[in-house]
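Enquirer: To start, I am sharing the structure in question, which I have written as structure tokens.
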Amino acid sequence: MPTAREAGSIVEALQATLGTVIRGKPEAIDLLIVGLLSGGHVLIEDVPGVGKTTLAKALARAMDMQFSRVQFTPDLLPADILGTNVLDPKNGTFTFQPGPVFAHLLLADEINRASPRTQSALLEAMNERQVTTDGVTRPLPSPFFVVATQNPVDYQGTYPLPEAQLDRFLLRARVGYPDEDDELGILFDRQHSDPIDTVRQVADIEALLTVQARVRQVKVEPDVARYLLRLVRATRSHPDLEVGVSPRGALALFRASQARALMVGRDWVGPADVQALAGPVLEHRMLLTSQARYSGRSRGDIVGAILSEQDVPT
């Protein structure tokens with residue numbers, strides 16, 4: 001079992017490697033790593049072309065993870081993701097052909113372009129780490145990490161993710177446009193080759209599993225846990241929210257805070273870890289009232305207000 005310092009060294013190497021592929025976006029890289037170490041899943045919501053797919057591919061290479069990508073389209077069927085039984089003409093029996101979900105890292109590209117039926121096919125896989133087809137349940141590889149992307153601008157031909165599926169994502173991240181200097185660097189980085197081809201492996205699957213297990217041993221003092229719960233419970237009674245954060249959301253913030261602490265080499269969680277992740281973990285789990293939407297209130301505004309109202313433990 002690695003110490004907090006050893007785990008932090010692995011994370012530092014991973015951050016440096018991913019930073020050579022996605023320039024100027026350390027926040028997005030850190031959130032993706034938090035999701036991976038927490039054993040959760042990440043939803044990346046942003047405009048096309050900012051590096052969402054590249055980031056997922058680079059992470060898989062750096063951690064020696066089996067990578068699979070599914071381009072979600074309106075005609076995609078659950079069997080196209082989970083797999084199906086295929087008839088063997090030689091002996092007249094059916095053989096199961098695994099779908100792309102049987103991988104360490106599944107990139108669900110433009111997940112909101114598939115029908116609700118196909119989107120729901122991922123629910124069991126994301127929550128239970130298994131899939132059931134034709135009455136047979138099959139375990140997925142360990143670790144199993146879903147990185148889903150969706151475009152928040154182009155809603156034509158899309159199906160909004162239901163709240164039940166949004167709640168399965170540990171956190172939601174955004175990449176955003178690079179600044180001018182970083183974008184200039186991107187141009188020259190790709191002048192002769194793709195930087196993703198030079199991504200080096202920084203750890204293997206066994207090391208990743210031990211770090212994930214180490215995350216669960218990071219200490220959380222009762223005062224910090226109560227502070228976390230006060231933030232979550234405040235969303236359930238907020239006048240601008242129709243639906244607040246569920247206990248699953250509280251657990252997600254708890255686990256993500258542990259991962260963030262370990263990332264910086266600490267074996268204890270502080271209020272700063274909770275505050276830094278409150279937005280990415282809680283916002284997509286909240287449902288605004290109609291009045292709040294029409295008045296221009298955002299979920300980010302509400303999380304910020306709740307953070308400012310709660311006493312911080314010392």
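The values are calculated or read from the model by the stated rules, or taken from the named source; none is laboratory data. On a predicted model such as this, the values are computed, not experimentally measured, just so you know. We place every Cβ from the backbone using ideal geometry, glycine too, and count neighbours over all the protein chains shown.
Enquirer: In region 252-280, how many are hydrophobic (A, V, I, L, M, F, W, C), crowded, with 19+ Cβ neighbours inside 10 Å and under 24 Å from Ala305 (Cβ atoms)?
Expert: Within region 252-280, residues that are hydrophobic (A, V, I, L, M, F, W, C), crowded, with 19+ Cβ neighbours inside 10 Å and under 24 Å from Ala305 (Cβ atoms) number 8.
Enquirer: For region 271-312, which positions are assigned to a loop (DSSP other than H, G, I, E, B), under 22 Å from the mean Cα position of the chain (by Cα) and more than 17 Å from Arg233 (Cβ to Cβ)?
Expert: Passing the criteria: only Ser298.
Enquirer: Which of (1) outside the structural domain of Ile10 (by TED's automatic domain parsing); (2) surrounded by fewer than 19 Cβ atoms within 10 Å (Cβ to Cβ); (3) out of contact with any Ser or Thr (no Cβ under 6 Å at 6 or more places or on another chain) does Arg69 not meet, given it meets every other one?
Expert: (1)
Enquirer: It is to be established whether one or more residues within region 51-60 are assigned by TED's automatic domain parsing to the domain that holds Phe144 and farther than 23 Å from Ala13 by Cα.
Expert: no
Enquirer: State the number of residues belonging to region 145-197 that are touching a Pro at 6+ places or on another chain (Cβ under 8 Å) and at positive phi.
Expert: Counting residues in region 145-197 that are touching a Pro at 6+ places or on another chain (Cβ under 8 Å) and at positive phi gives 1.
Enquirer: Looking only at region 228-237, decide whether some residue is touching a Phe, Trp or Tyr at 6+ places or on another chain (Cβ under 7 Å) and under 19 Å from Gln310 (Cβ atoms).
Expert: yes
Enquirer: Tally time: how many residues in region 180-192 are surrounded by 12 or more Cβ atoms within 10 Å (Cβ to Cβ), under 18 Å from Glu27 (Cα atoms) and not hydrophobic (A, V, I, L, M, F, W, C)?
Expert: Residues flagged as surrounded by 12 or more Cβ atoms within 10 Å (Cβ to Cβ), under 18 Å from Glu27 (Cα atoms) and not hydrophobic (A, V, I, L, M, F, W, C) within region 180-192 amount to 2.
Residue by residue, here is whether (1) exposed (fewer than 15 other Cβ atoms within 10 Å of the Cβ); (2) in contact with a His (Cβ under 7 Å, 6 or more places away or on another chain); (3) in contact (Cβ under 8 Å) with a residue 60 or more places away in the chain; (4) closer than 17 Å to Ala276 by Cα holds:
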| site | (1), (2), (3), (4) |
| --- | --- |
| Ala203 | no, no, yes, no |
| Lys219 | yes, no, no, no |
| Val232 | no, no, no, yes |
| Arg236 | yes, no, no, no |
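Enquirer: Asp273: free of Cβ contacts under 8 Å to residues at least 60 places away in the same chain and in the same structural domain as Ser246 (by TED's automatic domain parsing), yes or no?
Expert: yes
Enquirer: Applying the selection to region 93-112, what residues are under 19 Å from Thr53 (Cα atoms) and crowded, with 21+ Cβ neighbours inside 10 Å?
Expert: Those that are under 19 Å from Thr53 (Cα atoms) and crowded, with 21+ Cβ neighbours inside 10 Å: Val101, Ala103, Leu105, Leu106, Leu107, Ala108, Ile111, Asn112.
Enquirer: Can I ask one more? Please specify each residue of region 73-127 satisfying the condition of being among the basic types (Lys, Arg) and part of a helix (DSSP H, G or I).
Expert: Hits for region 73-127 are Arg113, Arg117.
Enquirer: Go through region 238-270 and count every residue that is under 18 Å from Ile33 (Cβ atoms) and either under 17 Å from the mean Cα position of the chain (by Cα) or in the same structural domain as Leu31 (by TED's automatic domain parsing) (or both).
Expert: 10
Enquirer: Against the condition more than 24 Å from Leu161 (Cβ to Cβ), part of a helix (DSSP H, G or I) and either of a type in the set (D, E, K, R) or free of Cβ contacts under 8 Å to residues at least 60 places away in the same chain (or both), how does Arg23 come out, does it pass?
Expert: No; evaluated as a whole, the condition is false for this residue.
Enquirer: To continue, here is another question. State which residue is farthest from Val312 (Cα to Cα) when the search covers only region 198-228 and only residues that are touching a Pro at 6+ places or on another chain (Cβ under 7 Å) and not hydrophobic (A, V, I, L, M, F, W, C).
Expert: Across region 198-228, the extreme among qualifying residues is Thr210.
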